[in-house]
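Here's the structure we're looking at; comments come further down.
The values are calculated or read from the model by the stated rules, or taken from the named source; none is laboratory data. Bear in mind that the values here come from a model prediction, so they are computed numbers and not experimental data. No Cβ is skipped: glycine too gets one built from the backbone with ideal geometry, and neighbour counts run over all protein chains shown. SASA here: full protein model, heavy atoms, side chains in, ligands and nucleic acids out. Shrake-Rupley method; radii C 1.70, N 1.55, O 1.52, S 1.80 Å.
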Amino acid sequence: MLKLSMPHPSRSLAIGALLLGTLGLAGCMTGPDFAQLEARVVPQQAFQAPGDALLEVRLVDISRADAPANLIASTRFGGLRQGPFPVSLQYDRNAIEDGHRYALQADVRSDGKLYWINDSVVPVLDTTHNAAQGEVEVPIVPLPRALGH
């Protein structure tokens, strides 16, 4: 004689609720939505830096005047010769918030010492989270040690 066993109703409900909850959470989770921001870092004088110098470019949130800029993305480049230096910076669009202001920052360092820096705000990303049209230009100026002083 064949005996059929029915699952306990509360166990079936618990498993069903667990599956629905898992599917619901999976629908809420999104991965990064990467975008590229193209820029050119342009020395404002003849470029001089040690051979091991690194250029770092950062995308930062500058919305709060009373706090340090919040880092969104950064990239580094070595083997610097003569500028301008083309830069492609990858960032996550999900990190960009409505109503916030964003800018690029750039500097050149060697052995922890700062040699070049951009000394003005370089705004990027408009309120619709789109990159600026075309390449963004980031001017950098030397500090005295870059000029041998």
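Points to keep in mind about this one:
- Of all residues in region 74-87, those being open to solvent by less than 50 Å² (accessible area, probe 1.4 Å) and of a type outside the set (Val, Ile, Thr) number 4.
- Only one entry in ALA103, ALA69 is in contact with a Pro (Cβ under 7 Å, 6 or more places away or on another chain) and small (Gly, Ala, Ser), namely ALA103.
Residues checked against (1) at pLDDT 90 or above; (2) closer than 11 Å to VAL108 by Cα:
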{"residue": "LEU23", "(1), (2)": "no, no"}
{"residue": "ALA26", "(1), (2)": "no, no"}
{"residue": "GLY31", "(1), (2)": "no, no"}
{"residue": "PHE34", "(1), (2)": "yes, no"}
{"residue": "ALA46", "(1), (2)": "yes, no"}
{"residue": "LEU55", "(1), (2)": "yes, yes"}
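- Against the test of being open to solvent by 70 Å² or more (accessible area, probe 1.4 Å), part of a strand (DSSP E or B) and under 28 Å from THR30 (Cβ atoms), the options LEU104, LEU59, LEU71 yield a single qualifying residue, LEU71.
- Where a residue in region 76-91 is over 12 Å from VAL108 (Cβ atoms) and aromatic (Phe, Trp, Tyr) and its partner, wherever it lies, is part of a strand (DSSP E or B) and open to solvent by 60 Å² or more (accessible area, probe 1.4 Å), with Cβ under 9 Å and at least six apart: TYR91/PHE34; TYR91/GLN36
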